[in-house]
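**Q** This structure is in C-alpha cells; I'll ask about it shortly.
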Amino acid sequence: MILQQYYLDCLSHASYLIGDETTGRAVVVDPQRDVAGYLADATAHGLTIELVIETHFHADFLSGHLELAKAAGAKIVYSSVAETEFESMGVADGERYSLGDVTLEFRHTPGHTPESMSVVVYEHADDPVPYGVMTGDTLFIGDVGRPDLLASIGYTREELADKLYDSLHDKLMTLPDATRVYPAHGAGSACGKNLSTDLWSTIGDQKATNYALRATDKATFMNLVTEGQPPAPSYFVYDAILNRKDRELLDENKMPTPLTYDQARMAIDAGAVLVDGRGPEEFALGHLHGAVNIGLQGRYAEFAGSVLPADVDIVLFTDPGQELEGKTRLARIGFDRVIGYVAEPYQALVDHRRDVQVASRLTAKAFDQRAAELPNLQIVDVRNPGEVEAGAIPNAISIPVGQLPARLGELDPAKPTVVYCAGGYRSSVAASLLRQNGFKDVSDILGGYGAWEEATQNA
C-alpha cells in the first residue's frame with residue numbers, strides 16, 4: 001500500500017493519496033484545488049487515480065475534486081447523504097470499495113456537517129486492525145470538528161454537536177486503538193480550537209488525550225465543543241456552498257495578466273482591490289495608496305478571505321516571481337477574480353511617488369508614549385477572543401481581524417488609531433484595511449501584544 005500525506009501549511013490542510021501497488025489503482029482524499037502534485041506522484045508510483053473522495057463539503061478551502069476528476073478521468077465520491085450539482089457517486093454507511101489488496105470502508109460520521117464521512121483504510125480486506133482512518137473534519141489530533149459552521153444555513157450547532165458525539169463514539173472510537181488517525185486539518189485551522197501540530201495519531205492516543213473524547217457525557221461534550229471557538233472567516237459559508245456547485249476549473253499554470261501602473265490604477269479606481277503580498281516591513285516602507293497588506297509569507301488565503309469580499313476584482317502587488325503563487329493561493333479558497341498584477345512593481349513605486357504611502361509602525365515604548373500624549377487614542381485589538389482573555393492592552397476595543405470589515409462602524413475614523421495583534425502580521429492587515437476605508441492616522445505595534453507585554457514587565 002502507498003499512503004502519502006500532503007500538507008498545506010498556509011491552510012493547515014491535509015490530503016491523501018492512497019494506492020494499491022499490486023493493481024496500480026488509487027484514490028485521493030480531500031484534494032487541494034491545484035492538483036498537479038497528486039498527478040505527478042501517482043505517475044511516479046505507477047498508479048491511476050480512479051476516485052476523488054470528499055469527506056464532506058469543506059468550508060475553509062475550495063476543493064480540487066472537479067480539477068482532479070477531469071485530469072485523471074476519476075469519479076467523485078461523497079457520502080450518499082450529500083447532494084451535488086455535478087456528477088458524483090454516493091456511498092452508503094458501511095460500504096466497502098476494493099482497490100485490490102487495499103480496501104476502503106466508508107463510515108458516515110455526521111456532526112461537523114450533516115454529510116461528513118470517514119474513510120477506514122485496510123492494507124488487506126480481512127485485516128482485523130485497519131491501517132488507518134481518514135477522519136476529515138470529524139476528528140482532529142487533539143480536537144474534534146466544530147459543529148457551528150453551518151448554523152447560518154439551516155442547522156443549529158446543538159443539532160450538529162449531538163450528531164458529532166454519536167459519530168465519534170459509535171463510528172470512530174469503536175475502531176481498534178492501533179488504528180492511525182489522519183485528519184484533514186492541523187494546528188492553525190479555524191475548523192477547531194485545540195488542534196495539535198502533530199499530523200497523525202492513533203485512536204488509542206486520542207481516547208487518552210483528546211479533551212473532547214474525554215467528556216464524561218453528551219451534555220458535557222456539547223458544551224465543550226460549542227464554546228470558545230475562534231471566529232469563522234467570512235469566506236467559509238461561500239466555500240461551503242461553492243464546493244457543492246459545478247464551476248470553472250482552475251488552470252494552475254496560467255499566469256495572471258501583467259498590468260501597467262495606469263491599467264492597475266484604473267481597475268482599482270473602478271472598484272478592484274489592490275492586495276500587496278509583501279511582508280509588513282516592506283509594505284510599511286512604501287506601498288501604493290489604498291493597498292491592503294496580506295503577506296504571502298503568512299496565512300495569505302485565509303486572511304484574504306476574511307477581509308475581502310468574494311465578489312470583487314483583485315489586483316496583485318508582489319515581489320517579482322510571486323505573481324502565480326498569489327493567484328494560486330487565492331484560487332485555493334475560490335477567489336478567482338484576480339484580473340492581473342502590477343508589472344515592474346518597484347519601478348511603479350519610484351515613478352509614481354505621489355501615489356506612495358508609508359505605514360506607521362510603533363515600538364512598544366513609542367506606543368506607550370503616544371497613549372500618554374493622546375487621551376482620545378483609539379486602540380484596536382484584532383486577535384481572537386481566546387487570545388484576548390489571556391491578556392490585553394487596557395482600553396483596547398476587541399475586534400478580530402476577520403470581523404473588521406463588518407464592524408468598521410464601531411470605530412471612529414477621525415480618531416488617531418493604533419492596531420495590534422500577537423506579532424504584527426494581522427495588525428498590518430487590519431491597519432491597511434482601515435487606511436483603505438478612510439482612517440487617516442493609523443499605526444500598528446511592532447511585535448504586537450508580546451512585545452508590549454515584555455516592555456511593560458521590564459519597565
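The values are calculated or read from the model by the stated rules, or taken from the named source; none is laboratory data. Given the structure is predicted, the values throughout are model-derived calculations rather than measurements. When we count neighbours, we look across all protein chains shown, and the Cβ atoms used for this are built from the backbone with ideal geometry, even at glycine. These accessible areas exclude ligands, DNA and RNA; they are computed on the full protein's heavy atoms, side chains included. Shrake-Rupley method; radii C 1.70, N 1.55, O 1.52, S 1.80 Å.
**Q** Using beta carbons and a limit of 9 Å, which pairs, at least six apart or on different chains, have the first residue in region 311-326 and farther than 17 Å from residue 283 by Cα and the second one hydroxyl-bearing (Ser, Thr, Tyr) and in a loop (DSSP other than H, G, I, E, B)?
**A** These pairs meet every condition: 325/318.
**Q** Sticking with this structure for a sec: Identify all residues within region 192-235 that are part of a loop (DSSP other than H, G, I, E, B), within 19 Å of residue 159 (Cα to Cα) and in contact with a Lys or Arg (Cβ under 6 Å, 6 or more places away or on another chain); write none if there are none.
**A** Passing the criteria: 192, 213, 228, 229.
**Q** Looking at region 59-115 only, could you name the residues that are open to solvent by less than 50 Å² (accessible area, probe 1.4 Å), out of contact with any helix residue (DSSP H, G or I) (no Cβ under 6 Å at 6 or more places or on another chain) and of a type in the set (Phe, Trp, Tyr)?
**A** Residues satisfying the conditions are 78, 86, 106.
**Q** Being open to solvent by less than 10 Å² (accessible area, probe 1.4 Å) and among the hydrophobic types (A, V, I, L, M, F, W, C) is the filter; apply it to region 217-235 and report the residue that is modelled with the highest pLDDT.
**A** The qualifying residue modelled with the highest pLDDT is 221.
**Q** Residues in region 180-191 that are in a strand (DSSP E or B) and surrounded by fewer than 20 Cβ atoms within 10 Å (Cβ to Cβ): how many?
**A** 1
**Q** Now for a separate question. So residue 214 fits all but one of (1) open to solvent by less than 70 Å² (accessible area, probe 1.4 Å); (2) outside the structural domain of residue 303 (by the TED database); (3) of a type in the set (Lys, Arg); what number is the exception?
**A** For residue 214, the exception is condition (1).
**Q** Can you tell me which residue within region 167-179, out of those that are over 17 Å from residue 55 (Cα atoms) and outside any loop (DSSP other than H, G, I, E, B), is least open to solvent (accessible area, probe 1.4 Å)?
**A** Step by step, filter region 167-179, then rank; the result is 169.
**Q** Within region 343-399, which residues are over 25 Å from residue 261 (Cβ atoms), among the aliphatic types (A, V, I, L, M) and free of Cβ contacts under 8 Å to residues at least 40 places away in the same chain?
**A** Matches in region 343-399: 366, 372, 388, 390, 396, 397, 399.
**Q** Mind counting the residues in region 116-153 that are assigned to a strand (DSSP E or B) and either among the aromatic types (Phe, Trp, Tyr) or open to solvent by 10 Å² or more (accessible area, probe 1.4 Å) (or both)?
**A** 1
**Q** Now a separate question. Select from region 192-208 the residues that are within 16 Å of residue 13 (Cβ to Cβ) and modelled with pLDDT under 95 and write down the one among them that is surrounded by the most Cβ atoms within 10 Å (Cβ to Cβ).
**A** Of everything passing the filter in region 192-208, 192 is surrounded by the most Cβ atoms within 10 Å (Cβ to Cβ).
**Q** Name the residues in region 272-303 that are farther than 26 Å from residue 59 by Cβ, out of contact with any Asp or Glu (no Cβ under 9 Å at 6 or more places or on another chain) and part of a strand (DSSP E or B), would you?
**A** 274, the sole residue that qualifies.
**Q** Which residue, of 321, 334, is open to solvent by less than 30 Å² (accessible area, probe 1.4 Å), on the phi > 0 side of the Ramachandran plot and outside any helix (DSSP H, G or I)?
**A** 334 is the lone residue from the list that is open to solvent by less than 30 Å² (accessible area, probe 1.4 Å), on the phi > 0 side of the Ramachandran plot and outside any helix (DSSP H, G or I).
**Q** Continuing with the same structure: What pairs come up if the first residue lies in region 156-179 and is closer than 16 Å to residue 211 by Cα, the second is not in a loop (DSSP other than H, G, I, E, B), and their beta carbons are under 6 Å apart, counting only those six or more places apart or on different chains?
**A** From region 156-179, the pairs are 161/222; 161/225; 161/226; 165/218; 165/221; 172/139.
**Q** Check residue 298 against each of (1) under 22 Å from residue 236 (Cα atoms); (2) modelled with pLDDT of 95 or more and name the one condition it does not meet.
**A** Answer for residue 298: the failing condition is (2).
**Q** Restricting to region 402-432, name every residue that is modelled with pLDDT under 95 and either in contact with a Ser or Thr (Cβ under 7 Å, 6 or more places away or on another chain) or not assigned by the TED database to the domain that holds residue 374 (or both).
**A** 402
**Q** Step by step: first the residues of region 274-318, then only those that are charged (D, E, K, R) and within 15 Å of residue 342 (Cα to Cα), then the one that is surrounded by the fewest Cβ atoms within 10 Å (Cβ to Cβ). Which residue is that?
**A** Per the stated criteria, the residue is 313.
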